Every structure is written in C-alpha cells, then in structure tokens.
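A.B. asks: The structure's right below; bear with me while I get my questions together.
The values are calculated or read from the model by the stated rules, or taken from the named source; none is laboratory data. Just so it is clear, the model here is predicted, and its values are computed rather than measured. Cβ atoms come from the backbone with ideal geometry, glycine included; neighbour counts cover every protein chain shown. What goes into the accessible areas is simple: the full protein's heavy atoms, side chains included, and nothing from ligands, DNA or RNA. Shrake-Rupley method; radii C 1.70, N 1.55, O 1.52, S 1.80 Å.
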Amino acid sequence: MSYTVAGAEGEWEIVCGLEVHAQVTSQAKLFSGASTEFGAEPNSQVSFVDAGFPGMLPVINAECVAQAVRTGLGLDAQINLVSKFDRKNYFYADLPQGYQISQLYHPIVGAGHVEIEVEGETRRIGVTRLHLEQDAGKSLHDQDPSRSFIDLNRSGVALMEIVSEPDIRSPEEAGAYLRKLRSILRYLGTCDGNMEEGSMRADVNVSVRKHGEPFRTRCEVKNVNSIRYVMHAVEVEARRQVDVWESGGEVRQETRLYDNVRGETRSMRSKENAHDYRYFPDPDLLPLVLEEAWVAELKTHLPELPDAKRARFVSQYGLSPYDAAVLVAEQATAVFFESVAHGRDAKAAANWVMGDLFGALNRTGRTIEDSPVSAAALGEMLDLMADNTINGRIAKDVFEAMVETGDMPGAIVEARGLRQVTDTGAIDAAIEAVIAANGDKVEQYRGGKEKLFGFFVGQVMKAMAGKGNPALVNEALKTRLAA
Amino acid sequence: MSLDPATVKRIAQLARIRVTDDQVAPLQSQLNGILGWIEQLQEVNVDGVAPLTGAADMALRMREDRVTDGGIAEKVLANAPDRAGEFFAVPKVVE
C-alpha cells in the first residue's frame with residue numbers, strides 16, 4: 001500500500017530525494033595533514049590550508065579517495081576513473097577559503113543504488129552520484145551576545161555527498177534508506193554514521209504531486225541531523241506543500257530549515273542569494289585519475305555487505321528474513337551472532353541474541369561492542385542447554401546472573417547448584433508430594449479438565465526449584481495422573 | 001554578450017565587493033572588455049577537444065593518510081581581528 005497525504009482535493013503523493021553528507025573516516029583531512037579527530041580543543045587541528053591562508057596549496061589524501069571508491073563499490077555504483085574538483089563559491093564565517101572544494105561536474109562516483117525494505121516490500125532507491133568535498137568549520141552562536149565563535153577543526157575534513165534519485169515516496173522509506181545507507185557505510189568502514197556527532201547529515205528534497213503527474217516544485221530542507229527528524233521533516237514539509245497548493249498558492253523553490261522543537265519547516269531567507277555558487281574548476285587541483293587495477297584491488301577487499309550477509313544468514317542458518325535483517329543491521333551484532341551460532345542451534349542463538357541479550361543491552365545502556373555477556377559465554381550457555389545440564393527456565397536465571405556478574409555460565413551453574421535434575425527418583429518424589437497436596441485438582445483433571453496439566457507441571461517445577469528436566473517431568477506426570 | 005548594470009551590481013554583491021553607483025559604469029565597460037576577449041576565443045572550434053584544466057599534462061599527486069599538521073592554534077589565530085579564547089570571534093551571524 002502506498003503512502004499518501006490526504007488533502008481536501010484528494011490524495012497527494014510524496015516525492016523525496018536525499019543528499020547525505022557522510023564524513024569520511026580517515027586520520028587526516030581531505031587536502032591537509034591536520035587531524036580529523038572529534039572533540040579536540042578549538043582550532044588545534046587546523047593547518048594553514050584549512051584556515052585558507054594565502055598561497056597554501058591542497059594535496060589530496062589517498063585514503064579519502066579510496067574510501068569514496070569503496071563506498072561507490074558498496075553502492076554498486078559506477079566508479080569514474082577520471083574526476084575533477086571545482087570551487088563552490090560563497091561567503092560564510094566558517095568557510096575561510098571563501099569557497100568549498102567539491103566535485104560538481106565530474107564526480108568520483110556515478111549511478112548506483114540502495115535496496116530498502118518497507119512493510120515487507122523491497123524497493124530499489126537510485127543513487128545519482130557520490131562526490132568528495134570539504135567540510136566547513138563550526139560556528140557557535142550562543143556563547144556571546146554580539147559575536148559568533150568559529151572553530152575550524154572540522155574545516156577541510158573530507159565529506160562524501162551521496163545524492164539519491166527522487167525515488168523515495170514516504171517518510172518510512174526515507175528512514176529505511178538512511179538506515180540502510182548508514183549500515184552499508186559502517187560495514188565498509190568509510191563513515192562511522194554517527195549522526196549525533198554530525199558525521200552524517202541529510203538535506204531533504206521534498207515535493208508533492210497528484211498521482212500520475214510530473215514532478216512539481218521542490219523545497220530543500222537543510223541539515224537534518226537524525227533519522228527520526230528526517231522522517232518527520234518529510235512528513236511536515238509534504239503536509240505544508242499540500243496545504244499551499246490546495247489553498248490556491250504556489251510552492252516556491254527555496255531552502256528551508258527544520259525546527260525539531262516546533263515540528264515545522266520554515267524559510268531560510270538568508271539563502272536566497274546562495275544558489276549562485278559560480279562553480280568553476282579549481283585551478284589548484286589537477287584531475288584525479290584512478291588506475292583500474294587499484295579500484296579492482298579495493299574491490300577484492302570489500303567486506304560482505306548487509307544484503308549479502310542477510311541472504312547468507314537465511315540460507316546458511318535457516319533464519320527468517322526478518323530476523324536476519326535485524327542481526328545484520330549492525331556489523332558487530334552479526335559478528336556476535338555468528339560467533340554464538342558457530343556449531344550450535346542457530347535459531348536458538350538468534351533468539352537469545354535478539355531477545356534476552358538485546359533486552360539486557362537496553363536495560364544496561366550498553367552496546368553489543370561492550371556487552372556484559374560475551375559471545376563465548378552465551379555460546380557456552382547454549383551448550384549447557386543442549387547437553388541438558390540446565391533447562392530453558394533456569395537458563396533465563398543463569399543469563400541474568402551472567403549479565404550481573406560477567407561470570408561464565410558453567411561457573412554460575414556449579415556455584416549456585418542449578419544443574420538440571422534428571423534423577424527420576426527425585427522427580428517422582430516431587431510429583432507424589434504435589435499430588436498428595438492437591439487431591440481436588442487431581443479429581444478435576446481425571447474428570448476431564450485437562451488444562452490443569454500445566455498447573456501440575458508448574459507445581460512440580462516449583463517444588464524442584466525450577467531445576468527439573470521438563471521432558472522427564474512431563475512424562476512422569478502424565479503417567480502418574482493417568483494411573 | 002554584454003553585462004547590464006544590474007548584473008554588475010549582482011556580481012559585486014556575490015563577491016562581497018562594495019561598488020558605488022558611480023563605479024558601475026566604468027566596471028561594466030571593463031568587464032565587457034574582458035568578455036569580448038573571451039568571445040573571440042569562442043570562435044575557435046573545439047569540438048571533440050577535452051577541456052584543459054591545467055598546463056601540466058599530469059594527474060593529481062596523492063599523499064598518505066597521516067597526521068602531519070595542526071597543533072598551531074596560536075599561529076592560525078595570529079591575524080584574527082578578534083578572538084575569544086581559542087576561537088575566532090566574528091560579528092554575530094544570525095540565522
């Protein structure tokens with residue numbers, strides 16, 4: 001079912017494309033040797049190149065180029081062996097050069113695509129291009145009543161601008177596209193995808209139209225910095241445009257700002273003149289020429305990407321496509337799962353990882369990388385279940401103890417005496433005691449109220465402190481009650 | 001092609017160069033002179049000739065991804081008209 005915006009005159013369709021600015025993971029900046037590390041003292045990671053000092057010349061960082069190519073390969077995109085750099089001219093206090101070095105006319109990466117899944121339906125979102133460009137510095141406007149403060153540490157850090165086709169048709173698809181793109185970037189190690197630190201930001205292009213119409217005028221909502229906000233910006237901007245069209249107005253092509261507090265977009269008048277960037281080829285930079293063999297070499301070292309891994313999890317481990325998608329979304333989770341599943345019941349491994357482990361991570365505010373329970377520990381616990389040392393119920397308690405103490409499950413089972421009881425004598429004794437104490441229920445059960453069986457199982461298990469072997473208890477109870 | 005006074009003013013504004021009204025006419029004629037030279041170049045047939053972006057027939061040299069610069073905040077800030085601690089300070093930019 002496709003998403004529409006309900007208007008007075010009927011249904012409107014959303015047309016959306018995203019420009020994602022992803023910070024390239026590298027030690028040094030795109031054109032200088034200053035560090036890219038986040039959170040340093042102001043202006044401590046700035047070279048004369050980044051500060052736009054006269055006469056300073058840019059020299060490109062090979063790793064940034066490789067990262068862009070890896071990303072292009074991960075997006076199944078065309079790699080352009082010759083690309084060029086242009087100057088995008090505008091004035092702003094955090095842009096000391098007076099221009100941003102970018103690639104307008106000849107980007108390093110051409111058309112590719114990202115597959116997304118929304119409500120069980122797979123769609124392919126086209127990627128128009130990916131180009132390399134410099135980030136600007138950071139302005140702080142709230143530190144002083146009459147001045148803005150500028151920190152150029154981010155100035156010159158490499159960004160990949162990844163431009164999608166206007167193929168997105170709903171807020172959910174916008175969210176799915178961003179999550180998938182972030183997942184691919186993280187797998188590739190080309191961007192950490194950390195939106196809170198600004199490593200990934202999106203400009204959202206939105207227009208609306210009636211079904212079957214050509215595109216109408218779009219607006220660009222700038223610098224939205226979380227997936228949730230992007231989804232909301234698409235929703236409220238589409239709503240606004242429907243209202244403008246339906247009230248007889250006309251949507252103006254303009255740059256807008258998303259206000260997450262008020263939940264609205266509003267015009268950025270300051271950008272009215274900004275579209276005239278007077279691009280021209282940067283005379284400081286020769287064409288960027290790549291060897292085909294070098295690109296091929298990068299390709300052979302690409303990791304298994306989320307889509308391929310997901311397909312493999314389905315075929316190799318017999319997981320449902322949904323479970324597989326959950327497990328591959330983060331590479332660390334996939335690695336953890338595979339380590340637990342190795343040589344074991346993969347479905348049980350998946351259930352423990354997605355259920356109890358995710359629950360524990362949520363509760364303790366930890367990530368899979370610093371999980372209180374290691375993959376080896378969880379694996380050992382599955383082994384204890386598989387060889388009947390503990391039953392499923394006790395396993396839950398053992399797991400909680402593992403989260404609390406970080407101890408290995410074998411040690412916990414021994415120290416707390418949680419070993420499963422398979423001694424039929426002990427089980428029979430517990431059953432006799434329960435039957436003796438519940439004569440009335442035994443009558444009812446024998447009279448046909450078979451639902452009571454669960455009650456008996458529960459009582460016996462309780463009498464055995466949860467340690468009875470469930471299969472043996474069931475069997476012995478059935479026989480005894482039938483007698 | 002020739003520039004009208006409004007375009008001259010707009011170019012000046014985009015370049016953040018203050019141009020007084022009495023400067024527009026002389027600038028217009030100078031810029032049109034330059035454009036005239038460019039127009040002469042347009043007469044050359046360049047079908048099938050790739051644009052030349054530099055005089056050296058070579059590709060971009062790359063450098064290793066190593067931190068070799070930075071840590072010179074004082075030097076970077078030395079010419080700043082105004083500063084606040086280690087920040088550059090500029091007249092407030094209101095969005």
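A.B. asks: If you scan segment B:12-65, which residues turn out to be basic (Lys, Arg) and farther than 30 Å from A:Glu291 by Cα?
C.D. replies: Passing the criteria: B:Arg16, B:Arg18.
A.B. asks: Residue check: is A:Thr424 touching an Asp or Glu at 6+ places or on another chain (Cβ under 9 Å), within 28 Å of A:Leu481 (Cα to Cα) and of a type outside the set (Phe, Trp, Tyr)?
C.D. replies: So A:Thr424 fails the test.
A.B. asks: Go through A:Glu41, A:Glu9 for me and flag whichever is in the same structural domain as A:Pro171 (by TED's automatic domain parsing), under 30 Å from A:Val118 (Cβ atoms) and out of contact with any Cys (no Cβ under 8 Å at 6 or more places or on another chain).
C.D. replies: Result of the check over A:Glu41, A:Glu9: A:Glu9.
A.B. asks: OK, next. So is A:Phe85 farther than 25 Å from A:His141 by Cβ, of a type in the set (Phe, Trp, Tyr) and open to solvent by less than 10 Å² (accessible area, probe 1.4 Å) or not?
C.D. replies: So A:Phe85 passes the test.
A.B. asks: Could you list, in sequence order, all residues of segment B:69-91 that are at the interface with chain A (Cβ under 7 Å from one of its Cβ atoms) and surrounded by 14 or more Cβ atoms within 10 Å (Cβ to Cβ)?
C.D. replies: B:Asp69, B:Gly70, B:Gly71, B:Ala73, B:Val76, B:Leu77, B:Ala84, B:Glu86, B:Phe87, B:Phe88, B:Ala89, B:Val90
A.B. asks: Are any residues in segment A:98-115 open to solvent by 50 Å² or more (accessible area, probe 1.4 Å), within 14 Å of chain B (Cβ to nearest Cβ) and not hydrophobic (A, V, I, L, M, F, W, C), and if so, which ones?
C.D. replies: The answer is A:Tyr105, A:His106.
A.B. asks: Then there's this: Taking segment B:62-82, which residues are in contact with a Ser or Thr (Cβ under 6 Å, 6 or more places away or on another chain) and over 13 Å from A:Glu41 (Cα atoms)?
C.D. replies: Scanning segment B:62-82 gives B:Asp65, B:Val67, B:Asp69.
A.B. asks: A follow-up question, please. Would segment B:29-51 turn up any residue that is open to solvent by 50 Å² or more (accessible area, probe 1.4 Å) and at the interface with chain A (Cβ under 10 Å from one of its Cβ atoms)?
C.D. replies: For segment B:29-51, residues open to solvent by 50 Å² or more (accessible area, probe 1.4 Å) and at the interface with chain A (Cβ under 10 Å from one of its Cβ atoms): present.
A.B. asks: When the residues of segment A:220-261 are filtered to those that are acidic (Asp, Glu) and open to solvent by 70 Å² or more (accessible area, probe 1.4 Å), which remaining residue is farthest from the chain's Cα centre (by Cα)?
C.D. replies: A:Glu250
A.B. asks: Condition first: closer than 22 Å to A:Ala465 by Cα and surrounded by 14 or more Cβ atoms within 10 Å (Cβ to Cβ). Can you find one or more residues in segment A:367-378 that meet it?
C.D. replies: Within segment A:367-378, not a single residue is closer than 22 Å to A:Ala465 by Cα and surrounded by 14 or more Cβ atoms within 10 Å (Cβ to Cβ).
A.B. asks: Of all residues being crowded, with 16+ Cβ neighbours inside 10 Å and at pLDDT 90 or above in segment A:262-276, which is nearest to the other protein chains (Cβ to nearest Cβ)? Just the residue, please.
C.D. replies: Selected residue: A:Thr265.
A.B. asks: Residues of segment B:5-22 being over 15 Å from the mean Cα position of the chain (by Cα) and within 13 Å of another protein chain (Cβ to nearest Cβ), which ones?
C.D. replies: Those that are over 15 Å from the mean Cα position of the chain (by Cα) and within 13 Å of another protein chain (Cβ to nearest Cβ): B:Thr7, B:Lys9.
A.B. asks: Here is a further query. Among the helices (runs of 4 or more DSSP H) confined wholly to chain B, which include 1 or more residues that are in contact (Cβ under 8 Å) with a residue 24 or more places away in the chain and aliphatic (A, V, I, L, M)?
C.D. replies: B:21-42
A.B. asks: If B:Ser2 passes every condition in (1) over 30 Å from A:Leu288 (Cα atoms); (2) within 14 Å of chain A (Cβ to nearest Cβ); (3) polar (S, T, N, Q); (4) open to solvent by 80 Å² or more (accessible area, probe 1.4 Å) but one, which one does it miss?
C.D. replies: (2) is the only condition that B:Ser2 fails.
A.B. asks: Checking A:Phe149 against (1) at pLDDT 95 or above; (2) surrounded by fewer than 20 Cβ atoms within 10 Å (Cβ to Cβ); (3) more than 30 Å from A:Leu285 (Cβ to Cβ), only one condition comes out false. Which one?
C.D. replies: Only one criterion is unmet by A:Phe149, namely (2).
A.B. asks: Turning to a different aspect of this structure: With the checklist (1) farther than 26 Å from A:Ala77 by Cβ; (2) more than 14 Å from chain B (Cβ to nearest Cβ); (3) among the aromatic types (Phe, Trp, Tyr) in hand, flag the one item A:Tyr177 doesn't pass.
C.D. replies: Status for A:Tyr177: all satisfied but (1).
Quick grid of which residues meet (1) hydroxyl-bearing (Ser, Thr, Tyr); (2) loosely packed, with under 14 Cβ neighbours inside 10 Å; (3) in a helix (DSSP H, G or I):
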site	(1), (2), (3)
A:Lys441	no, no, yes
A:Tyr445	yes, no, yes
A:Lys451	no, yes, yes
A:Phe456	no, no, yes
A:Val460	no, no, yes
A:Asn474	no, no, yes
A:Arg480	no, no, yes
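A.B. asks: Looking only at segment A:9-25, decide whether some residue is open to solvent by less than 10 Å² (accessible area, probe 1.4 Å), in a strand (DSSP E or B) and closer than 21 Å to B:Gly71 by Cβ.
C.D. replies: Within segment A:9-25, none of the residues are open to solvent by less than 10 Å² (accessible area, probe 1.4 Å), in a strand (DSSP E or B) and closer than 21 Å to B:Gly71 by Cβ.
A.B. asks: On to the next question. Can you report the number of residues in segment A:413-445 which are closer than 18 Å to A:Asn469 by Cα and aliphatic (A, V, I, L, M)?
C.D. replies: 10
A.B. asks: Give segment A:207-219 a look and list any residue that's open to solvent by less than 40 Å² (accessible area, probe 1.4 Å) and among the hydrophobic types (A, V, I, L, M, F, W, C), or say none.
C.D. replies: Matches in segment A:207-219: A:Val208, A:Cys219.
A.B. asks: Pick from segment B:52-68 the residues that are open to solvent by 60 Å² or more (accessible area, probe 1.4 Å) and of a type outside the set (A, V, I, L, M, F, W, C): which of them is nearest to the other protein chains (Cβ to nearest Cβ)?
C.D. replies: B:Thr68
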